[in-house]
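The values are calculated or read from the model by the stated rules, or taken from the named source; none is laboratory data. No experiment lies behind these values; they were computed from the predicted model shown. Counting neighbours? That spans all protein chains shown, and the Cβs are built from the backbone with ideal geometry, glycine included. Each accessible area value is taken on the protein alone, full model and side chains, heavy atoms only, with ligands, DNA and RNA left out. Shrake-Rupley method; radii C 1.70, N 1.55, O 1.52, S 1.80 Å.
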Amino acid sequence: METTIEVHEASQVAEVRRVAAELARAEHLTEPESGKLALVATELSSNLVKYGKGGAVTLTRYVEGKQHGVQLLAVDSGPGFADFVAATRDGHSTAGSLGIGLGVIMRSSTFFDVYSVSGQGTAMVARVAHAAPRKPVAALAPFEFAVRSTPKKGQVECGDAWSVRDFGNRQLLCIVDGLGHGPLAARASARAISVFEAAGPADTPAGIMAKAHEELKETRGAVMGILALDRQANTADYCGIGNIAAAVHLGTESRHLLSIEGTVGYRMRATRTHTVPWEPTAVAVLYTDGLSGRWGPARYPGLLSRHPSLIASVLFRDHARDTDDATILVARRS
């Protein structure tokens, strides 16, 4: 479960710290780890007020391989950094402060990454991990993913849903958009995800889609995209029905994966599998029609080399529509 807090004034910094403390207790962080998390939460949210001209902090528990802990993601649409390296040096400040905030964040975090373009805002991700490794530890191949998902403005339930299955050398990714909005759309999406999560490591996207079609016939239906990433065969197999967008990006080259017309559970005459290379440095991006597709790697120099949480958050910040449920899923080999 994630919590997003809008931060536009100093009083909202305390709310970010409060939620961070709750997550620290839930993750059983030690006292020193909780102290570091409090520093990160304070500095990240304070920077939104001082430099970002307001933004939002998303806090969540995370699990990645052996590691688990608390993640904070701060996103703004402010002026960005002309020279981020200079800004990290203690004593450097443009707001009349001591200029140690970014240094504190980086020293206190187990993991830190940033994407910032002058005049186009900043996104930062910081994690504080528990020293004790997660148990049991599965022997999984390195894999990273991130998701941003929100309901249509004014709705409580999101009609979109997503899931990721990690089988080591093979990962299955799925996003679903239930037709319409609200509880009935959410019900259709949840039914589709239950089919996806029952799949095994050898199941194909087309086979899972066919099973979902049968299972959703008593719902209002959904559009759906399933991507299988195989690091041994170096292939990405995609099956999509309806207006789900998917692509595999490598540098400035984008291989768009085609969905075919139809509705899962209502009208699905056929399925088609689109296969493209899954290079070691490639990035997969899937999103529902709650995000505009009018973007490309050339518009965001260097973004696809950042952590998936930054990629998802920057694209969500710039292209999500509040007139629809919106979901974006980003994945890559770590």
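Heavy-atom accessible surface of the chain, averaged per residue, reaches 45 Å², computed with a 1.4 Å probe. When all protein chains stay in place and ligands, DNA and RNA are ignored, the 1.4 Å accessible-area order of Met209, Met268, largest first, is Met268, Met209. The string of couplings for region 43-60 from the Karplus curve (6.51, -1.76, 1.60, θ = phi - 60°) is 6, 4, 6, 5, 5, 4, 6, 6, 10, x, 6, x, x, 9, 10, 10, 10, 7 Hz, one whole number per residue in order, with x for Gly and Pro. Within the shell defined by Cβ-Cβ distances under 11 Å, the residues around Phe196 carry a net charge of 0, with Lys and Arg each +1 and Asp and Glu each -1. Derived scalar couplings between HN and Hα for region 229-246 equal 10, 10, 7, 7, 7, 6, 10, 10, 10, 10, 10, x, 10, x, 8, 9, 9, 8 Hz in order, rounded to whole Hz, by the Karplus curve 6.51 cos²θ - 1.76 cosθ + 1.60 (θ = phi - 60°), x for Gly and Pro. Considering helices alone, the calculated mean residue ellipticity of the chain at 222 nm is -8000 deg cm²/dmol, with DSSP H runs of length four and up weighted by -39500 (n - 2.57) and normalised per residue.
Mean separation of Cα pairs under 8 Å and 6 or more residues apart, divided by the residue count, gives region 189-334 a relative contact order of 21 percent. Between the exposed loop cleavage positions of the chain, defined as GluC sites (Glu not before Pro) in a non-H, G, I, E, B DSSP state with at most 12 neighbouring beta-carbon atoms within 10 angstrom, the longest gap is 10-260. The mean sequence distance of close C-alpha pairs (under 8 Å, at least 6 residues apart), as a share of the length of the chain, puts its relative contact order at 15 percent. Of the listed residues Thr4, Thr219, the order by accessible area with a 1.4 Å probe, largest first, is Thr4, Thr219.
If one computes the Cα centroid of region 175-229 and of region 317-333, what distance in Å separates the two points? One Cα centre to the other: 18 Å. Converting phi to 3J(HN,Hα) with the Karplus coefficients 6.51, -1.76 and 1.60 and the offset θ = phi - 60°, region 249-265 yields 10, 9, x, 9, 8, 10, 10, 7, 9, 8, 8, 9, 5, x, 9, 5, x Hz in sequence order, with x at every glycine or proline. Equivalent-ellipsoid semi-axes for the chain (Cα gyration tensor, √(5λ), whole Å, largest first): 35, 21, 20. Quick one: putting +1 on the C-beta of Lys and Arg, -1 on the C-beta of Asp and Glu, what dipole do you get for region 102-218 around its Cα centre, in Debye to the nearest 20? The calculation lands at about 340 debye.
For the chain, lysine pairs separated by 8 or more sequence positions, or belonging to different chains, with Cα-Cα distances below 23 Å total 4.
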